[in-house]
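Step one of this worksheet: look at the structure below.
The values are calculated or read from the model by the stated rules, or taken from the named source; none is laboratory data. Since this is a predicted model, take the numbers as computed values, not measurements. So basically every Cβ, Gly included, is an ideal-geometry build from the backbone, and we count neighbours across all protein chains shown. Side chains included, ligands, DNA and RNA excluded: accessible areas come from the protein's heavy atoms. Shrake-Rupley method; radii C 1.70, N 1.55, O 1.52, S 1.80 Å.
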Amino acid sequence: LILENMQKQAAEDNSEKRKNLFIEELVKQSKLEIPEQLVDEEIDYLVEIIKSDVVAKGIPWKDFEAYLVDKKRDLRSEQRPEAEKRVTVRFVIAKAFEIAEIELSDEEIDVEIVKITTYYPEKDRSQVSEDLKPGKFSFRFIAEKSSKVKSINSLNLTIIARTLGAPEQKGSGI
């Protein structure tokens with residue numbers, strides 16, 4: 001059983017590496033001009049994650065900010081490369097899905113949920129499976145015409161998702 005799990009994990013890791021290499025190659029070949037506002041919003045989001053992590057560890061945010069100043073570190077500048085990469089990856093993946101006309105069915109989502117739950121202990125799998133399923137109320141928005149998204153406010157989307165109950169209310173969010 002342990003060997004089987006290790007082999008399964010190695011195969012999944014290999015598959016994930018191939019996917020990441022493919023995405024990295026798509027990003028390299030893309031000729032995108034990323035709106036600065038999207039990058040700034042992603043930086044805001046990354047800084048909020050860091051802030052949550054710092055506070056969760058019992059360190060007051062003001063103390064952490066003072067530490068950054070003392071070390072002459074600019075957290076926003078440090079997060080810029082990651083933010084640019086994340087925004088670019090999202091655009092590239094969205095475009096790849098659009099070109100390939102990919103849509104996920106409920107059955108495909110269920111298959112992915114089963115794959116994810118295999119990494120959890122047997123006793124937790126049914127709960128994890130339920131937690132990952134989309135909520136029963138949903139709305140699919142289809143634009144009336146084709147156009148380009150000029151900006152996405154990641155921070156506002158996070159606020160909306162949390163207002164809808166995510167992550168505590170399973171199946172909620174955007």
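Worth pointing out:
- Pairwise FRET efficiency - L132 versus L3, Cβ, R0 = 25 Å, nearest 0.05: 0.35
- Here the convex hull built on the C-alpha positions of the range 1-60 has a volume of 115 cubic angstrom per residue.
- Rounded to whole Å, the principal axis extents of the Cα atoms in the range 1-103 read 45, 45, 24, largest first.
- Rolling a 1.4 Å probe over the protein heavy atoms of the range 27-90, with every protein chain left in place, gives an accessible area that is 51 percent carbon and sulfur.
- In terms of distances greater than 32 angstrom between alpha carbons, the cross-link table entries K8/K148; K57/K148; K8/K28 yield K8/K148; K57/K148.
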